[in-house]
Structure formats: C-alpha cells, structure tokens
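First comes the structure, then the notes that go with it.
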Amino acid sequence: MPVYLDYNATAPVRPEAAQAVADALQEVGNASSVHRFGRGARRRVEDAREAVAALIGCKPSTLVFTSGGTEANNMALRGSRAERLLVSAGEHDSVLRVPGAEPVPLRPDGRIDLDALATALAADPRPALVSVMLANNETGTIQPVAEVVEVARRHGARVHCDAVQAPGKIAVDAAALGVDLMTLSAHKLGGPQGAGALAILDDGPLAGLLTGGGQERGFRAGTENVAAIAGFGAAAERARAELDRMREFGRWRDRLEAEARAFGPAVRVHGADAPRLPNTSCLGLAGVRAETQVMALDLDGVAVSSGSACSSGKVHPSHVLRAMGLGEDAAGSAVRVSLGWASAAGDVDRFLESWGRLARRHAPADSAA
Amino acid sequence: MSDPSATAEQPIYLDYQATTPVDPRVAEAMWPWLTERFGNPHSVHHSFGQAAEQAVEAARAEIAALIGAEPREVVFTSGATESNNTAIKGAAHFHAEFGKRHLVTTAIEHKCVLESCKRLEREGFEVTVLPVEPDGLLDLDRLAAAIRDDTVLVSVMAANNEIGVLQPIEQIGALCRERGVYFHTDAAQAVGKIPLDVKAMNVDLLSLSGHKLYGPKGIGALYLRRRPRVRIEPLLDGGGQERAVRSGTVPAPLAVGLGEGCRIAGAEMDAEAARLWQLQRRLRERLAAGLPDVRFNGHAERRLPGNLSVTVPGLDAETLIEHTPGLAFSTASACSSASVEPSYVLSALGLGDADAAASIRLGLGRMTTEQEVDAAADELCRVAARLRAEGKTRLTGAAARAAGE
C-alpha cells in the first residue's frame, strides 16, 4: 500500500465527509427550489455553513460558498474594487497571477517583509487590497497576518487572507486576525474537492465573479453544490474536533526532519526559522532535482510533491523558495512532505527509508552515508 | 377530503429542469474517488494523482463524445453558470481590443447569460437582446439582421429551462459561421436529452451542467472549439489547470460523476426521449381533459421531451403549489422561484402578468413513472377545480397587481 504524504495538495476525504456527500447525492433537490426537496437541500447547505463558520470563528452569514480556493481568491482580488493589489511573493498562483497583482518580498525566513509592505503602501495613495496567506502550502510558514493587518490599516488598505492550508492544522480565528476577506477550501482539510468559501467579514464592496441567478446573497451565482458543501461541513466539524492530533503530527514531522538532517550536509530544511504548520516539511537535497526525488519516492510507494500541484507536469523551481532568497538550484531541489488526519507514524519511516537511499546514492562522498 | 399523496410519502418529483436526481450508477462511479482514490488530479508525479488524472481524462472523453467534440476541447468548470460567465465575458474581454464590442442574445436566456451581458454593458459593451416569437422560437431573419461587423458573439440557448423550447441550433450555427462571429449555446438543459453535435452544428462554445443530466451539482463543462480556435480570457487565474482556461483543482469525484452521467445519457438518450415524449403527451392530454381552458406554452413539437409549461387561466400558480403538497414542481426557474416577479420568459412569449403568474413548469425525467404522471395530472386537475369552486383563485404578487386587486 503506497504511503500518502501530500496532504497540502489534497487530503483524503474523511469518512464523515464522504458519507455526507453520498447522503446528499441520494437526495434530489435544488437549494433554491421552494418545495420540500429544495428545502432539504437548503438545510444541508445551511448546516454546512454553520460548521464551516465555527471552524474559523465567523458568523455563518459572512460565508459565500464557491467552487474552491482558486475561485474564492480570484473573487476577493478581482471583486474588491481596489486599485492596487499588494500580495506577498509567496502566495499561491491563484493570488499571484491575478492581473495587476504586485508582489511584496518575503524575508529569508519565509515571512512577508512588513517594512517593504509599509513602503509600498505609503508610495501610492490609491485604495489597496493586501493579500497574504495564513500558511504557506509549500513551506508551512505561518504569516504574521495580524501584523499585516496593522500595517494595512495604517494606510487604509483592506486585507484578504488565503487561509486554505490553515484550518484543521492550526487554530484559526478570523476575528482575532482582523482580516476583511478570507479564503477556505474543503479538500485541504478532508472535505471533497469542488467546494470552498470566501468569508466576507467587512462591509466593503465586493463584486461577484459569477453573475446570474443571485444565489449566495447575490455574491456567487450558480446552483449550490449541495453534496460537496455538505461534505465540507462534515469535514470542518471533524477537523475542528481533531485539532489536538496535530500536536502529534508535529512531533512526527520534527522526528522526520531530525533524521533527515542526519543523512548529511546536502540536506536542508526550508522555512524552519519561522513559525510553521505542524504537518509540513520542506526538505532540500542539494544536487537532486525535485522531480527526480518525487518520482523515485513514487517508485518506492511514497507520495510527496515538489511544491504545489497545479499546472500539470511542469516542475519549476519553487517561487516560494526563490522569494526566500534561494538560488535556482536550491529552489529546484526541494520536496514537500505533508501529514494529515489519516497519517500513521510508520508513514514517516517509509519516507525516511526511501529518501535516505536517494540521499546516500546522490551524495556518496558524504561521511554520514 | 383526504390526500394520501401529501402525507408521509415523498412528493412526486416534477422539477427535472431545476435539478435531476443523481443516477445511482453515477453515485456509484463517484464513490471510489471519494474514498480510497482521493488524489489531486494535478499531482502528476505520484500514483495517487495519476489515478485521479486518468479518471478525469476518461470523464472528459465521455463528455466530448456526447457532444461530438474532441476531449481537449472540453474544459471542466463548476457548472453551467460558470461556463456561461466564462464563455460570454471571456470572449468579450479577449476580443474587445480588436474592436469587437457587441453581443447578441435572446430575451429568454438563463439569468446567468443575461446577467453576464448586463455586466458587460456596464463595462461599455453593447448587447442586442432579441425577442422571441409567441411559440418561443427565435426568428432567424431577426438574428441575421442583428449581427454587426463588431459583433463578437451570439449566445442562444439550446433548450429553455422554463418552457422547454428548442432553438434551431444548426441554422444559428451556420449563420454565425457565415458571418464570422462566435456562436455560444447554453446547452445545460439540452445535453443528454437531445442529440447535439458541435461540429455539425457549427457551435463554437457550449455550456453544460452535471446536475441537469443525472450527474452531481458543482461540475459542468465548457466546450471551446479548437479549429478554428476560439480565444477567450479566463475568469479564474492561478495554477493554470485546464490549459490555463480555468485554474483551480478539477474535483475528480465530480468530474467522474459528470463523465458517467454523459456516458449513460448517450447510451440511453433515444429510448428515454421516446418514453418521456409519451409521458409528456399523456400528461398534456390528461390536463387538457380535466381543465378544458388550460394552455400550454412554447412550441408543441420543438421542445424537450420532459417539459411542459402550463397556464391555468385565473388560478394563481403559488396557490396551486400551496395546495398540492404531494407534488414538487415550480412556477419558473429555481433561481427565481422565490421571487414574486412574473417569469420574464413567459413575458417574452407575450403572456400578460396575470397569465404568467398562473403558469407552472412540470418537468419529467428518467425516474418519472406513468403512475406518477397520472397521479400528478389527477391531483392538479382535482385541486385546480376545487380551488376554483371555492373561489380561492387568489392572485398574489405581480398577478394581483396586474389584475388590479
């Protein structure tokens, strides 16, 4: 049985979530229909909205369900009416590639450079939206979101936070962070692919991306994806209840890194100098391309990734690591190991066994080998 | 009078244009992808991702086969609303810099088409919204006259969601091709119900939806012709999935469900259409027999097999729905069914506000039985007659205003 260590790409669907999806699929009903079938679908959607809201401590009415994180991010950035979009250089492509996005540099530890943000905001008085992720998908770096909000407020800017990687891995309190818009995704926390949400926490302008039937209070047209939303709700509930388990995953991750470092000086742990998600490890193996590592691991039945799972096949040096100041080679020779709800301690051993062989094979001069 | 169908039993579902039940075969096909085979289809460097990717590609091939496209011409979206938004806004935005700033559509399109056009109008585009004939059909001469040198796109739905009328897609396609403008068709209600062939019909962009063809909600597709190539600007930027036309993780279980829905629809379309036509005629005849003044909206032959739009003159549709709890049907489209405004589709056919407010939509589909049709017809006739006898023909909302109450 292959070992799955790519939770930041997508998490296995939690049994409760799969069941909620299956139950909803068995029931006909458009949540906008007023007959009994429609009301049943509506109830599933609204129950899920409450469960997802509880996960980040916001009011259910602030949540707009979308098809996923990419849509929510695009909606926030394109719909905000801001004339400037300042985004951290380590953002996901669905933020970074929105037309007009201006990157703000990261510090070598992976966190956004707050001084550079302040300077960029001060340089241009036009209304701005700052977009910073709560936790990075590749390194797990937790961004100083509350401090970003403080800087942004001083310049009258609005703040969007792509939080897709955080809930279920760390406690998330949208109110305490103080952000105006927050993106969530179901399949990163054990819900089904195809559902996400944008929390609209302020009363600023937001033009919907999809126009039509006026669903989701007019913010997002389209028949509600009842089954996936129900699965999102069920997953959110479990993720919240099981947050404590992350402490254990954190210990496994730390053991993994300690043993990996022992493979020799070619090994580097990226992002360990700043607060991180407990489940994520970004490991560099100097001189071995990420793609080679990932494919070798796959042959041994260990699934990890070379960064973010997006546009098919092409492996570029990680833009996140590049933004942290790493050179092309170093940024192109890192793999991401990410744990989650169905991980077992033995999974870490399987990884170490396989990756250790690779490290020794490619670094024969190394004394630790 | 006792009403057995209204109590503990499930109401009879007659709202197949709002959404269809998920075919059990579809749910079964999705299940492995919701459990042990959970990979991200874009994680192409490990076995979990590759398995999901293969499943997504197999589904894409099923969709393509159903509409006569090549698999690589099919892009997954979150549904027909997104497909329509992407097609219309995307084509307009891409071609605006080449001086193309005009679009043509019809007055009976789905709201997401009309709202996308309105958004474009606010951005400075011009939109011609064509009326339809009293039978719901678009007049081709009118369309020909509306196309201009700066027209980028004509958007005409294949089948209407309220009245079931089928537009002459092949002729519209030929006309658009001749005039050198893109032809987009919202085929959410038509795909899997009637034969469609994007090549033969000269369709350049086509929107379809999973949950209208017994697949799951939250998934749809946009067909984009490759030769000659259709160029659009994406609505969602990001990871560059779907050949950068639509970023975002393709939800593998939903895609598999849509593929299976398409496969089944393709295999069973002919038999199912014949069966539904029979049921539709049966329902029509029984309603006409029980309610002699009943009227049916939209062309009698050029229509979806599983749809009837019915006007019961003088009887408010909301009141009728209220008094038939054993039946699940609606007045118009689901997205506007909570609204008190009369259906803009029926208005476009020339119905007055009072008649529009006295109209219901009955949708039949794969799970509808003859017994259900008979029971529904009897119930509608019985309740309508009773309400009339009791004088409970209360017209509410717009109908009341129209009737001067």
### Query
In the set A:R14, A:R39, A:R78, A:R43, which member is surrounded by fewer than 22 Cβ atoms within 10 Å (Cβ to Cβ), touching a residue at least 40 places away in the same chain (Cβ under 8 Å) and among the charged types (D, E, K, R)?
A:R78
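Condition check ((1) within 28 Å of A:N8 (Cα to Cα); (2) more than 10 Å from every other protein chain (Cβ to nearest Cβ); (3) basic (K, R); (4) in contact with a Lys or Arg (Cβ under 9 Å, 6 or more places away or on another chain)) across all residues:
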site: A:L189; (1), (2), (3), (4): yes, yes, no, yes
site: A:L198; (1), (2), (3), (4): yes, yes, no, yes
site: A:D202; (1), (2), (3), (4): no, yes, no, yes
site: A:L206; (1), (2), (3), (4): no, yes, no, yes
site: A:G212; (1), (2), (3), (4): no, no, no, yes
site: A:N225; (1), (2), (3), (4): yes, no, no, yes
site: A:A228; (1), (2), (3), (4): yes, no, no, yes
site: A:G231; (1), (2), (3), (4): yes, no, no, yes
site: A:A235; (1), (2), (3), (4): yes, yes, no, yes
### Query
So which of B:P216, B:P253 ends up being at pLDDT 95 or above, in contact with a Leu (Cβ under 7 Å, 6 or more places away or on another chain), within 14 Å of chain A (Cβ to nearest Cβ) and assigned to a helix (DSSP H, G or I)?
B:P253
### Count of residues meeting criterion [touching a helix residue (DSSP H, G or I) at 6+ places or on another chain (Cβ under 8 Å), assigned to a loop (DSSP other than H, G, I, E, B) and farther than 30 Å from B:L320 by Cβ] in the range A:1-43
5
### Task
Considering each of B:R72, B:R60, B:R37 in turn, give the residue that is surrounded by 24 or more Cβ atoms within 10 Å (Cβ to Cβ), of a type in the set (K, R) and more than 7 Å from every other protein chain (Cβ to nearest Cβ).
B:R60
### Query
B:I63 passes all but one of (1) within 20 Å of the chain's Cα centre (by Cα); (2) at pLDDT below 95; which number fails?
(2)
### Task
Sort out which residues of the range B:81-110 are closer than 24 Å to B:G298 by Cα and surrounded by fewer than 21 Cβ atoms within 10 Å (Cβ to Cβ), and write them in order of number.
B:A107
### Query
Any idea which residue in the range A:144-203 is nearest to A:T66 (Cα to Cα), counting only those that are in contact with a Gly (Cβ under 7 Å, 6 or more places away or on another chain) and free of Cβ contacts under 8 Å to residues at least 40 places away in the same chain?
A:D180
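The values are calculated or read from the model by the stated rules, or taken from the named source; none is laboratory data. As the structure is a computational prediction, the values presented were derived from the model and not from experiment. Note: ideal-geometry Cβ built from the backbone for every residue, glycine included; neighbour counts use all protein chains shown.
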